[in-house]
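Colleague: One structure coming up, written as C-alpha cells, with questions to follow.
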Amino acid sequence: MTTPPRVLLLVAHPNPSSLNHALARAATEALEEGGVRVDLHDLYREGFDPRLSAGEIATHASDDAVVEAHVRELRAADALVVIHPVWFDQPPAILSGWVQRVVREGDAFEHAPEGGFRGLLPAQDALVVTTQNAPYVPPDALDHYWRSFVLPAVGIDDAERIALGPVVASDGATRRGWLEDVAARCDALAGRLTARA
C-alpha cells in the first residue's frame with residue numbers, strides 16, 4: 001500500500017470564526033477527500049512562539065520541541081498550503097516568526113556556492129491564500145515575499161497565490177465563491193500529488 005502524499009497546511013488568524021479559518025476547513029476537506037494526509041496547524045490556537053532565539057541563529061537548531069516537530073513536518077511535506085490575512089502589506093507576525101524559526105538553513109535550504117539558495121525540501125507545490133481589505137494589485141509585497149523569496153529558497157519555483165478581497169465589502173455569495181475556488185484548487189493539488197505518489 002502506498003503512503004498518501006502529505007500537505008503541511010498553516011492558518012494564521014486569531015479569530016477561529018474568520019474567513020481564513022473557513023478557507024482552511026474547505027482546503028483541508030478537499031485535500032483529504034482527494035486522498036492526501038493534511039498536517040494542519042492553526043498557529044494562534046496552538047500558541048506558536050514566533051520569537052527566534054540567538055541560539056537558533058547560531059546553530060540552526062532549537063530546544064523548542066514544537067519548532068522541531070514543525071521542521072520534521074515541513075521536511076516530510078509534498079506540498080504547502082498557507083492561509084493568512086494581509087496586514088500592512090505583510091503576513092501576521094506569528095507566521096513571519098514561523099518562517100524564521102522553521103524554514104531554516106540546513107533543513108529547508110542551503111547556501112549555493114554560486115550565490116543564492118538551494119532548496120532542500122521535497123515539496124514541489126505551494127498554494128498561498130491571502131485575504132485583505134484593500135484591492136489586490138499584482139504584484140504586491142506578498143507576491144515578493146512568498147513567490148520571489150521564501151518558496152524559491154526552499155526549491156518551490158512555481159507557487160500559486162490566491163488573493164481574496166476586499167473582504168470587508170464582501171457578501172455571503174462572494175465568500176461562498178471564494179471557498180469553492182480554494183476547494184477546487186486544493187482538489188486539483190490533491191490530484192497532482194496522488195498522480196505522483
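The values are calculated or read from the model by the stated rules, or taken from the named source; none is laboratory data. All figures in this text were calculated on a predicted structure; none of them were measured in a lab. Backbone-built Cβ (ideal geometry, glycine too); neighbour counts: all protein chains shown. Note: areas computed on protein heavy atoms with side chains; ligands, DNA, RNA excluded. Shrake-Rupley method; radii C 1.70, N 1.55, O 1.52, S 1.80 Å.
Colleague: Taking the solvent-accessible surface of protein heavy atoms with a 1.4 Å probe, what is the per residue accessible area of the range 89-197 in Å²? It would help to have the intermediate numbers written out before the result.
Modeller: Numbers: 5300 Å² over 109 residues.
It amounts to 49 Å² per residue over the range 89-197.
Colleague: Grab the DSSP H runs of the chain that are 4 residues or longer, score each as -39,500 (n - 2.57), total them, divide by all residues and round the 222 nm result to the nearest 500 deg cm²/dmol.
Modeller: Calculated at 222 nm, the ellipticity per residue is -11500 deg cm²/dmol.
Colleague: Here's another thing I want to ask about it. Label points 7 Å out from Cα along the Cβ direction at Asp157 and Leu120: separation in nm?
Modeller: Once both label points are built, they end up 2.1 nm from each other.
Colleague: Through the Karplus equation 6.51 cos²θ - 1.76 cosθ + 1.60, θ set to phi - 60°, convert the phi angles of the range 20-27 into ³J(HN,Hα) values in whole Hz; use x for Gly and Pro.
Modeller: 4, 6, 5, 5, 5, 5, 5, 5
Colleague: Let me ask something else about it. Where the accessible area of the chain is counted over protein heavy atoms with a 1.4 Å probe, how much of it, in %, is carbon and sulfur? Don't skip to the end; give the middle numbers.
Modeller: Working: 5180 of 9720 Å².
Roughly 53 percent of what the probe reaches on the chain is carbon or sulfur.
Colleague: Continuing with this model, one more query. Work out the FRET efficiency for Val168 and Arg45 from their Cβ-Cβ distance, taking R0 = 22 Å, and round it to the nearest 0.05. Mind dumping the intermediate values first?
Modeller: Working: r = 24 Å, r/R0 = 1.08.
FRET efficiency, Val168 to Arg45: 0.40.
Colleague: For Leu120, list long-range residues whose amide hydrogen, built 1.01 Å from N in the peptide plane, is under 5 Å from its own amide hydrogen.
Modeller: Here Phe109, Glu110 satisfy the definition.
Colleague: State the percent of C-alpha pairs, over all pairs in the chain, separated by a distance greater than 21 angstrom. Kindly include the intermediate steps, with their values, before the conclusion.
Modeller: Values: 9913 of 19306 pairs.
Pairs farther apart than 21 Å: 51 percent.
Colleague: Multiply the residue gap between His60 and Ala76 by 0.36 nm, knock off their C-alpha separation, and tell me the result in nm, one decimal place. Let's see the in-between values first.
Modeller: Details: separation 16, 0.36 × 16 = 5.76 nm, distance 1.80 nm.
Answer, rounded to one decimal: 4.0 nm.
Colleague: Could you work out the Rg to Rh ratio of the range 24-127, with Rh taken as the Kirkwood radius (inverse of the mean 1/r over all Cα pairs)? Write down the numbers at each step before the final one.
Modeller: Details: Rg = 14.7 Å, Rh = 15.1 Å.
Radius of gyration relative to Kirkwood radius: 0.97.
Colleague: Something else about it: Please list, in chain and number order, the residues 5+ apart from Asp78 or on another chain whose amide H is under 5 Å from its amide H, with Hs placed from the backbone.
Modeller: Arg6, Val7, Leu8
Colleague: Report the relative contact order of the range 20-132, percent, no decimals, based on alpha-carbon pairs under 8 angstrom and at least 6 residues apart. Can you show the working numbers first?
Modeller: Details: 121 pairs, mean separation 34.9, N = 113.
Result for the range 20-132 is 31 percent.
Colleague: For Arg176 and Glu29, what is the calculated FRET efficiency with R₀ set at 25 Å and r taken between the beta-carbons, to the nearest 0.05? Walk me through the intermediate numbers first.
Modeller: On the way: r = 14 Å, r/R0 = 0.58.
The formula returns an efficiency of 0.95 here.
Colleague: Does the range 84-197 classify as rounded, prolate or oblate by the C-alpha gyration tensor (a ≥ b ≥ c root eigenvalues; a/c under 1.5 gives rounded; else a/b over b/c gives prolate, otherwise oblate)?
Modeller: On the way: a/c = 2.48, a/b = 1.45, b/c = 1.71.
In terms of gyration-tensor shape, oblate.
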